[in-house]
Amino acid sequence: MSSEADYRLPRRAVPKRYEIALAPDLAAASFTGHEVVDLTLIEPTTEIVLNAAELEISDVEMIDSDGVRRVVASAIQLDEERERARFVFDEELERGEWKLLASFSGILNDDLRGFYRSTYHDDAGNRRVIATTQFEATDARRAFPCWDEPDLKATFAVTLEVAPGLVAISNGAEVSHEPTGDGAMRYIFAETMTMSTYLVAFIVGDLEITDPVDAGGVPLRVVHTPGKGRLADYALEVGVFALQYFGQYYEIPYPGDKLDLIAVPDFASGAMENLGAVTFRETALLIDKQRATRNELARVADVIAHELAHMWFGDLVTMKWWNGIWLNEAFATFMELKCVDAFRPDWNRWLTFAHFRAQSMDIDGLESTRPVEFPVASPEEADAMFDTLTYGKGSAVLRMLEQYLGEEMFRKGIVAYLKRHAYSNTDTNDLWAALEAVSGEPVGEMMEGWIYQGGYPQLDVTVADEGLRIEQCHFRFLGGGGSVWQVPALYRTGGEQRRVIIGDSAGITVPAEGFLLNSGGDGFYRVNYPDELRNDIARNFGTLVPAERYTLFADTWANVLAGETPAGEFVVLTRVLEGEDEPDIWGTGLAGLSELNRVISSDDRPALQRWVRSLLAGPVRELGWSPQPGEADRQRKLRALLLVAAGNLGDDRDVQAAARDLFGMLTAEGSEPDIDGDIADAAISIVAANGAMVEFEQLLRMKERAGNPQDEVRFLRAAAAVPQQESAERLIEMILAGEVRSQDSIWLAARLLGHRVTGPRVWKLVKDNWDAVLAAIPGQHKRRILDLIMYRSEPEIAEDIEAWLADHPIRGAGQSTTQQLERLQVRVGLRRREAGRLGEAFDL
């Protein structure tokens, strides 16, 4: 078992400033470089140890602060396993200020990490190469020798030498550019603030840049491949708003000298918060506002806001070590919602966030969950921290705390935290201390269980003589668990909003009149009411605020999965949706019905389909297929959601026929019909889910003709939904042949494995090509192919999956695999309990 000490560098040398010169050769997929590092030796030494991986290093020497003494390294030793370089000197280097000089070279890899290649095709069909970076968590060491740990902060002065005609970008503003004399151009960039190595960025290629816009004194630009400038306006709009919003919220100016938002064709994650040079997957930045769905517009806004929130919370103030990555990611997720909710209040992003919270509760309700913060040693363990619990649970717990303390009190604590720790590193207790200081509440004690132990509670409400009794238990889908939390609970009674901390005592008693627990719907816990009280709340469903209506469905469905509530009760509950106007609440009800559709027998499926058609008939008839002038965005989103549910889950033939007509218009050669983006997406989804090979071929052709990143993904995603064995086999072949970008192979393989009809066949194909499938997916994301494996709940297939993964583990994915297998067992239990009796539940 490795420990943090095995991977932490010795602290006898501390860097202060890097001067880095790089010359990438895009055609040869390689680069050369030279660096000068100003550092302090804390003690005398005859060796310097730092991080390096996949680099060749030469010409290493040390120069003292006076520039008089030069000591050349007598040996350069590379430790591939520990990703370190050791420079040995025959003379002792005394403590004090020194400069380290080193030359190095490396490859532009195809792994979407470190300094890597991204490619695209220009209008003439020629393949073009971009050199770009992705250093988080521990991959700056693949681009230059460095002290690649988050608390070893320094400043960075970057120079890039590139071929003529190429654009070069780094974190700082361009200071100058000039010919080198050998046919290249030398770009010199301003020195950065003090920051961690994982935030350094270099981007070189045949790119275009929008004119800068003024965002409160900060020049903001979008960088993109040629011809996509028309897709950048929305990103600039969101970016300007977000920079101004965060500057006001944090009461600290943006810490960089410029900000570039850079669209990269190949990018493993959504985006990366490099100071001043934020890189994005194209679908998360470039968008056609007229053709996009409301979900796609919201996602671009979310991702931009998330990354810009990091400029303060992550870049300016950084966690000390990777065990605290939640301080970066959970807070950026929380702040993205704050920002986008202010940008577009009508989108009701906090209600949409409830779905993300529910996803993290699905993982956190497992025995195999983990704490939000836990010890991290190796780079693989650091990579594994970037998961649903870090982002989803962490941000949901922050939201729960904010609502308990009050939004302004919470904000004041965050401002104090950032101002006190600017340009330095922190741990979790520093955040709690700042919030305690301004609020007077025992925040650290309250939050300890939420961060340092896995799981969450269920608050059980029972009738007592003097009112209602509230007690907590540890919620787990498969039972067990004895943890206790300090639960900051909000509730309503007698028309008043109240708050209480429910701890490890015997519980509390509250008045019963007009009672509702988890008032506002932001708590990270389940609520279990007695039947009579739950039925009473359901009868008054329309009087609840939207987030409370959402949690009623989410908690009921969780208890169905846990075997505590029959699925039939959830089915009956869906009847209250007939008057609902919030798409997210409809979404959680329909998601439960969709899961039941996966386990119901083929003989009983028509009954489920009749139920869905009956449930949706009125709303679908009222909404129709055409948006009305001035209609709210959420209404458009609701229309599309219900049409897709009617056509696919309800097997509504009239809806399917209308979708085919629209699909014909969309796919006609040379046609660009003026169809609402949400309606177009719905029609494509319905045709695909009920399609044959002819529709599959059309979808692939449309993918190749796509005029924006969202359409390209839309048609590929739809192709994966076609319920034909041949289409699924073709897509697996495309993944193996490299015909799908590796960034998309991640989710495509997962969707194919989770498909209700073709998934069993895909599982066999994946097994038969196991090594090749994993090789097609970027390293730290290989575990993601199991994201939907829980839907393979057919008992014999589930057993085979468990046996296979025991013999063929995915490197670095041990805990994630265990979690996915436990989720699978939860669904196996659902199938075993409910498959035989669901026909009665749907009997109209």
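Details
- Sparsely packed GluC sites (Glu not before Pro) within the range 64-158, loop by DSSP, other Cβ within 10 Å at most 10: Glu80, Glu81
- With R₀ fixed at 30 Å, the C-beta to C-beta distance from Val500 to Ala433 puts the FRET efficiency at about 0.80.
- Calculated FRET efficiency for the pair Tyr423/Glu569, C-beta based, R₀ 56 Å, to 0.05: 0.55
- Relative to the current alpha-carbon distance between Arg344 and Glu471, full extension at 0.36 nm per residue lengthens the span by 41.9 nm.
- Accessible-area composition of the range 282-341, carbon plus sulfur, in percent [1.4 Å probe]: 41 percent
- Lysines with Cα under 30 Å of Lys637, excluding same-chain neighbours fewer than 8 positions away: Lys228, Lys289, Lys338, Lys393, Lys703
- Protection proxy ranking, peptides 40-48, 314-322, average beta carbon neighbours within 10 Å, highest first: 314-322, 40-48
- Computed over the range 767-844, relative contact order equals 38 percent, with contacts defined as Cα pairs under 8 Å that lie 6+ residues apart.
- Spin-label zone in the range 259-299 - amide nitrogen under 19 Å from a point set 7 Å from the Cα of Asp211 along the C-beta vector: 259-261
- Nitroxide proxy distance, nm - points 7 Å out along Cα→Cβ at Asp800 and Glu237: 5.0 nm
- Over the range 385-536, Cα pairs under 8 Å with separation of 6+ residues give a relative contact order of 22 percent.
- Percentage relative contact order, the range 696-844, counting C-alpha pairs under 8 Å, at least six apart: 18 percent
- Under 12 Å from a label point set 7 Å out along the Cα-to-Cβ vector of Val415, the amide N atoms of the range 230-250 belong to 247-250.
- Sorting 355-366, 763-774, 260-271 by average packing, meaning the other beta carbons within 10 Å per residue, from highest down gives 260-271, 355-366, 763-774.
- Potential lengthening between Ala29 and Glu672 on full extension [0.36 nm per residue; Cα-Cα distance subtracted]: 227.6 nm
- Simple point charges give the picture: +1 on the Cβ of Lys and Arg, -1 on the Cβ of Asp and Glu, and for the range 234-290 a dipole about the Cα centre of about 60 debye.
- Projecting the Cα atoms of Leu327, His355, Leu316 onto the charge dipole of the range 316-364 (Cβ charges, centred on the Cα centre) puts Leu316 farthest toward the positive pole.
- In range of the label at Glu92: residues from the range 43-78 whose backbone nitrogen is under 16 Å from the point 7 Å along Cα→Cβ: 43-48
- Equivalent ellipsoid of the range 342-399: semi-axes from √(5λ) of the C-alpha gyration tensor, largest first, are 26, 14, 8 Å.
- Net lengthening on full extension, Ser74/Arg128 (0.36 nm per residue, minus Cα-Cα): 15.3 nm
- 3J(HN,Hα) along the range 562-571, derived from phi through the Karplus expression 6.51 cos²θ - 1.76 cosθ + 1.60 where θ = phi - 60°, amounts to 7, x, 8, 10, x, 4, x, 5, 5, 4 Hz, with x in place of Gly and Pro.
- Accessible surface of the range 379-536 [probe 1.4 Å, protein heavy atoms]: carbon and sulfur percent: 44 percent
- Along the axis of the charge dipole computed for the range 1-149 (Cβ charges of +1 for Lys and Arg, -1 for Asp and Glu, origin at the Cα centre), the listed residues Asn126, Thr46, Ile20 are led at the positive end by Asn126.
- Mean-position separation - Cα centroids, the range 769-806 and the range 372-428, in angstrom: 31 Å
- Solvent-accessible surface of the range 761-842, averaged per residue with a 1.4 angstrom probe and all protein chains in place: 44 square angstrom.
- Sites Val694 and Val36, calculated FRET efficiency, Cβ-Cβ separation with R0 35 Å, nearest 0.05: 0.05
- Charge dipole magnitude, Cβ of K and R +1, D and E -1 - the chain, Cα centre, debye nearest 20: 1380 debye
- Dipole of the chain, positive direction: furthest Cα of Leu608, Pro371, Ala5, with charges on the beta-carbon: Leu608
- Relative pair counts by distance (%), Cα atoms of the range 213-342, 5 Å bins: 2, 11, 22, 25, 21, 12, 5, 2, 0
- Within the range 491-580: Cβ-based charge dipole about Cα centre, in debye rounded to nearest 20 (Lys, Arg +1; Asp, Glu -1): 160 debye
- Entry note: the range 496-644 has Rg to Rh equal to 1.01, where both radii use alpha-carbon atoms and Rh is the Kirkwood radius.
The values are calculated or read from the model by the stated rules, or taken from the named source; none is laboratory data. Computed from a predicted model, the values in this text were never measured in an experiment. Note that each Cβ is placed from the backbone with ideal geometry, even for glycine, and that neighbours are counted across all protein chains shown. Accessible surface is based on the protein model in full, side chains and every heavy atom, while ligands, DNA and RNA are left aside. Shrake-Rupley method; radii C 1.70, N 1.55, O 1.52, S 1.80 Å.
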